[in-house]
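Written below as structure tokens is the structure these notes are about.
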Amino acid sequence: MTRDDDALERIAAALERLSPPPAPPPDFDAADAFVWRPDPDRLDPVPQVSRVALSLLVGVDRARDTLLANTRQFARGFPANNVLLWGARGMGKSSLVKAAHAAAAAETPGLKLVELHREDLPSIGRLLALLRGAAQRFLLFCDDLSFEKDDAHYKSLKAVLDGGVEGRPGNVVLYATSNRRHLMPRDMIENERQTGVNPSEAVEEKVSLSDRFGLWLGFHNCSQDDFLAMIRGYCDAYGVAISGEEMRAEAIEWSQTRGGRSGRVAWQYVTDLAGRRGVRLG
């Protein structure tokens with residue numbers, strides 16, 4: 001073997017070590033939910049999903065009914081839309097996705113939830129290759145999706161929204177949550193308009209990303225009545241005893257110290273209350 005042949009073999013071995021190994025065939029019967037982990041590519045099963053019952057999500061009736069109907073359609077093999085749940089923080093966007101999945105999967109077995117982290121979007125093509133052709137159907141879930149200046153990850157997202165040449169797998173639909181309707185800050189959009197070589201095209205490419213979601217479900221800050229109803233629902237569900245007057249006074253004070261009302265703030269109050277009353281949650 002010549003010196004050149006030896007060098008080529010060492011280079012080939014080094015490149016083989018650098019390339020990620022092929023993902024093992026997933027066992028989709030291992031769980032109802034999975035988390036995508038790239039490098040090395042794998043789908044980690046989630047034995048117990050952290051979620052609340054659909055009935056405990058108060059003040060989001062329209063979004064709940066629309067998302068559940070879309071999820072049921074998809075689970076049964078009928079056409080369904082990608083969904084963007086956007087709006088106020090802590091109002092149950094991600095909780096609603098997980099609860100809708102649980103409700104639809106209980107009716108139609110074989111519906112799986114796959115969580116994809118925003119920073120792993122560049123690997124989405126490899127994930128779709130694993131899911132394509134599987135007998136199961138998959139809700140691909142990306143929580144807290146947004147993009148900042150010079151962030152090109154949004155281009156990877158088009159693979160699941162548009163599907164490129166192959167098309168999006170028929171057994172995959174994307175549900176994403178975001179605090180922003182257009183998935184990027186307003187000042188970034190304005191900056192594109194002012195400084196881009198072709199500003200209208202640059203803005204259109206980014207803003208149109210959210211237009212590729214067939215359903216937009218908006219979430220807004222809740223009223224005081226809804227806030228108190230959330231807390232009462234949690235207390236009743238978990239056996240936390242408290243009178244209406246005492247709960248109202250404490251809950252309003254709690255929301256004032258947090259600077260606002262939301263489902264998350266309601267749960268934080270219930271957690272504190274349960275701890276003081278010696279009640280275990282879950």
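Laboratory data are not the source of any read-out in this text; all were calculated from the coordinates shown. Here the structure is a predicted model, which is why all the values come from computation and not from measurement. Quick reminder, even Gly has a Cβ in these numbers, built from the backbone with ideal geometry, and neighbours come from all protein chains shown.
Each Lys and Arg Cβ is given +1 and each Asp and Glu Cβ -1; about its Cα centre, the stretch 224-277 then shows a dipole of about 200 debye.
In order along the stretch 252-264, the Karplus-derived 3J(HN,Hα) couplings, from 6.51 cos²θ - 1.76 cosθ + 1.60 at θ = phi - 60°, round to 5, 5, 4, 5, 5, 6, 8, x, x, 10, 6, x, 5 Hz, and Gly and Pro are given as x. Amide H contacts of Val172 (H built 1.01 Å from N, in plane; Pro and chain starts excluded): Phe138 sit under 5 Å, all sequence-distant by 5 or more or on other chains.
Electrostatic bookkeeping for Cys142 treats Lys and Arg as +1 and Asp and Glu as -1; over the other residues with beta carbon under 11 Å from its beta carbon, the sum is -4. 3J(HN,Hα) along the stretch 128-137: 4, 5, 6, 7, 4, x, 5, 6, 7, 10 Hz, from the Karplus curve 6.51 cos²θ - 1.76 cosθ + 1.60 with θ = phi - 60°, whole Hz, x for Gly and Pro. Under the combined filter of DSSP loop state and at most 15 neighbouring Cβ atoms within 10 Å, the stretch 27-84 retains these trypsin sites (Lys or Arg not before Pro): Arg76.
The smallest convex shape that holds all Cα atoms of the stretch 224-277, its convex hull, gives 68 Å³ per residue.
Remark on Phe34: its backbone amide H falls under 5 Å from those of Val46, Leu113, Val114, Glu115, a criterion applied only to residues 5 or more positions apart or on other chains, H modelled at 1.01 Å from N. Exposure proxy shown here: for Met247, Met230, the number of other Cβ atoms within 10 Å sets the order, fewest to most, as Met247, Met230. Sorting Trp86, Trp254 from the fewest to the most surrounding beta carbons within 10 angstrom yields Trp254, Trp86.
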